[in-house]
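Enquirer: What follows is a single structure, and I will ask about it in a moment.
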Amino acid sequence: MKKTALAMSLPLCFAGFSFAGAAHAQTSIASSGVTIYGIINPSLTYTDKVAVVTPGNPTGTGSRLSMDTAVAQGSRLGFKGVEDLGGGLKAIFTLENGFNADTGALAQGGLFFGRTAIVGLSGSMGTIHLGRQKDYIDDLAPYNGALDFGSLVNNIHALNLDRTQGSRVNNSVRYNSPVFGGVTLSALYGFGEQAGSTGAGQSFGVGGSYNNGPLSFGAAYFQNKLTANNIFTGSSDSGIAPGAVTGSIASTSLKTFLVGGSYKLGDVRLYGSYSQVKQPLAVAAGTAMTGFTGASGAAFTFGGVNNSKVDLVDFGVNYNVTATTQLLANFVTTRSKFVGASDGKATQVSLGVDYFLSKRTDLYLFYANIRSSDMFNPGLYVAPGGSNTQNVLTAGIRHKF
């Protein structure tokens, strides 16, 4: 990975910020300096049975051919740096921009440094970051399909309400402990910044992991609270379902946790995780809606107004056939609870091959199928499902610099 050391005449604001952990490997940087890095990842995608709703055909579907972005990984441009302050203490920073490789538009809602914007200190007692950053659930990506298949498994993971795709927390402070015997611990707090109520809009997360040779495992927990009555505009990017905001100020709107592990056996990496999403403020979708029908629509989906809980099991395998070729497989099954109605199920199978032209450039081909019963199909990637099943085939190129 190419590193660019910038002149020491850069503004002092670049002399003290940090990298919280990009989703791709980074080489170590000098005791003082700035590194420029990034990923560009467009892909061509075919999706069948995309919802095409018309007044005359409310359940209509059609196929879709598109150029997409961020299937395997989000495209980004980042700056990270470190300044040696002496005595083992370092100032560190990361500024990371997300963009859509297919259009050039800013991602993360148009935020200029929407992926990461943090500054901190690192020393023998651990590392502390302040700014916009992810919670520890994202650090557990090696234990679920997000590491291998990226956004292709976003929707089946409760539309990312379980945060496996890395939701950010604004106005947050995060502490990471030093590594003790393979164990790392982390805690994050997001300030709601509401006068008169410390809990309004607040976010909180804790987690930890153990790594020892081929074996690693970990767990993490995260929760959000409402900013005001029936409103969530707090510190976290996501974590509140549309309509599921019937609580009062500082009521907990989301609780989610993940536990998982991986084991490397020669050229094979096996992984698995269990995650759960709870929305304590979910309410019944309607007195007549005791089960899913075509007319009930999106109320009966992940994050719907009546979706009180989702349990998810994710496991898979990554096999290095050769030094340049990986075969990938992933399976996710879910069960959703709906207030005043029967449970729904959704299952996804993903298969892929990843071929590395070099250490920084690879070509990939992914296929996925999702099926749902007794609930609305969340669809695959960006295209919502208009049927109880959907297929996606995507081919992309990913370049890291």
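The values are calculated or read from the model by the stated rules, or taken from the named source; none is laboratory data. Bear in mind the structure is a predicted one, so any value in this text is a computation, not a measurement. No Cβ is skipped: glycine too gets one built from the backbone with ideal geometry, and neighbour counts run over all protein chains shown. Protein only, heavy atoms only, side chains kept; ligands, DNA and RNA dropped before computing areas. Shrake-Rupley method; radii C 1.70, N 1.55, O 1.52, S 1.80 Å.
Enquirer: Given 0.36 nm per residue, what is the gain on full extension from Ser32 to Ala195 after removing their alpha carbon distance, in nm? Can you show the working numbers first?
Expert: On the way: separation 163, 0.36 × 163 = 58.68 nm, distance 3.96 nm.
This chain segment gains 54.7 nm when fully extended.
Enquirer: For the chain, with every protein chain kept in place, what is the accessible area per residue (1.4 Å probe, Å²)? Working shown, then result.
Expert: Details: 17050 Å² over 401 residues.
Value for the chain: 43 Å² per residue.
Enquirer: Stretch Val183-Leu215 to full length: gain in nm at 0.36 nm per residue minus the Cα-Cα span? It would help to have the intermediate numbers written out before the result.
Expert: On the way: separation 32, 0.36 × 32 = 11.52 nm, distance 1.21 nm.
Here the answer is 10.3 nm.
Enquirer: Roughly how big is the chain's charge dipole about its Cα centre, with Cβ charges of +1 (Lys, Arg) and -1 (Asp, Glu), in debye to the nearest 20? Write down the numbers at each step before the final one.
Expert: Details: 27 positive and 20 negative charges, 38 e Å.
Dipole of the chain, to the nearest 20 debye: 180 debye.
Enquirer: Give me a comma-separated list of calculated 3J(HN,Hα) values for the stretch 262-275, in order, Karplus coefficients 6.51, -1.76, 1.60 applied at θ = phi - 60°, integers in Hz, x for any Gly or Pro.
Expert: Each residue of the stretch 262-275 in turn: 8, 9, 9, 10, x, 8, 10, 10, 9, 8, x, 8, 10, 10 Hz.
Enquirer: Right, next: Return the whole-Å distance between the Cα centroid of the stretch 350-384 and the Cα centroid of the stretch 72-104.
Expert: 27
Enquirer: A follow-up question, please. Give the ranking of Ile397, Ile370 by solvent-accessible surface, highest area first, calculated with a 1.4 Å probe.
Expert: Working: Ile397 75, Ile370 0 Å².
So the residues, ranked largest to smallest area, are Ile397, Ile370.
Enquirer: Equivalent-ellipsoid semi-axes (√(5λ), Cα gyration tensor) for the stretch 269-401, whole Å, largest first? Intermediate results must be reported in sequence, preceding the final value.
Expert: Numbers: eigenvalues 251, 45, 28 Å².
The three semi-axes for the stretch 269-401 are 35, 15, 12 Å.
Enquirer: With each label point set 7 Å from Cα along the Cα-Cβ vector, what nm distance links Thr361 and Gln276?
Expert: 4.8
Enquirer: What is the stretch 77-176's relative contact order, in percent, from Cα pairs under 8 angstrom and six or more apart in sequence?
Expert: Numbers: 177 pairs, mean separation 22.1, N = 100.
The normalised contact order for the stretch 77-176 reaches 22 percent.
Enquirer: Here's something else I'd like to know. Could you calculate the FRET efficiency of Ala228 with Thr322 from 1/(1 + (r/R0)^6), where r is the beta carbon distance between them and R0 is 51 Å, rounded to 0.05? Each step should come with its number before you reach the end.
Expert: Values: r = 56 Å, r/R0 = 1.10.
That pair, Ala228 with Thr322, gives E of 0.35.
Enquirer: What is the sum of charges around Asn170, taking Lys and Arg as +1, Asp and Glu as -1, for the other residues whose C-beta is under 13 Å from the C-beta of Asn170?
Expert: Details: positive: Arg115, Arg132, Lys134, Arg168, Arg174; negative: Asp135, Glu193, Asp237.
Around Asn170, the surrounding residues sum to +2.
Enquirer: Could you tell me which of the pairs Lys80/Lys359; Lys278/Lys345; Lys90/Lys400; Lys49/Lys134; Lys134/Lys264 are separated by over 22 angstrom between their Cα atoms in the structure shown? Display every interim value, and only then the final one.
Expert: Working: Lys80/Lys359 20 Å; Lys278/Lys345 16 Å; Lys90/Lys400 26 Å; Lys49/Lys134 33 Å; Lys134/Lys264 26 Å.
Where the Cα-Cα span goes over 22 Å, the pairs concerned are Lys90/Lys400; Lys49/Lys134; Lys134/Lys264.
Enquirer: What is the magnitude of the charge dipole of the stretch 128-241 about its Cα centre, with +1 placed on the Cβ of each Lys and Arg, -1 on the Cβ of each Asp and Glu, and no other charges, expressed in debye to the nearest 20? Each step should come with its number before you reach the end.
Expert: Numbers: 6 positive and 7 negative charges, 36 e Å.
In debye, rounded to 20, the stretch 128-241 gives about 180.
Enquirer: Val52 to Asn388: extension gain in nm, 0.36 nm per residue of separation minus the Cα-Cα distance?
Expert: Working: separation 336, 0.36 × 336 = 120.96 nm, distance 1.41 nm.
Contour length minus the Cα-Cα distance gives 119.5 nm.
Enquirer: Using +1 at the Cβ of each Lys and Arg and -1 at the Cβ of each Asp and Glu in the chain, identify which of Ala105, Val119, Leu393 lies farthest towards the dipole's positive end.
Expert: Checked the options; the winner is Val119.
Enquirer: Whole angstrom only: what separates the Cα centroid of the stretch 313-349 from the Cα centroid of the stretch 177-223?
Expert: The distance from the Cα centre of the stretch 313-349 to that of the stretch 177-223 comes to 25 Å.
Enquirer: Would you calculate a helix-derived [θ] at 222 nm for the chain, using -39,500 (n - 2.57) for each DSSP H run of n ≥ 4 and dividing by the full residue count, to the nearest 500? Please list the in-between numbers first.
Expert: Details: 1 runs with 4 residues, N = 401.
Roughly 0 deg cm²/dmol at 222 nm, from the helical runs in the chain.
Enquirer: I need the fraction of alpha carbon pairs in the chain separated by more than 30 Å, rounded to a whole percent. Intermediate results must be reported in sequence, preceding the final value.
Expert: Values: 34082 of 80200 pairs.
That fraction is 42 percent.
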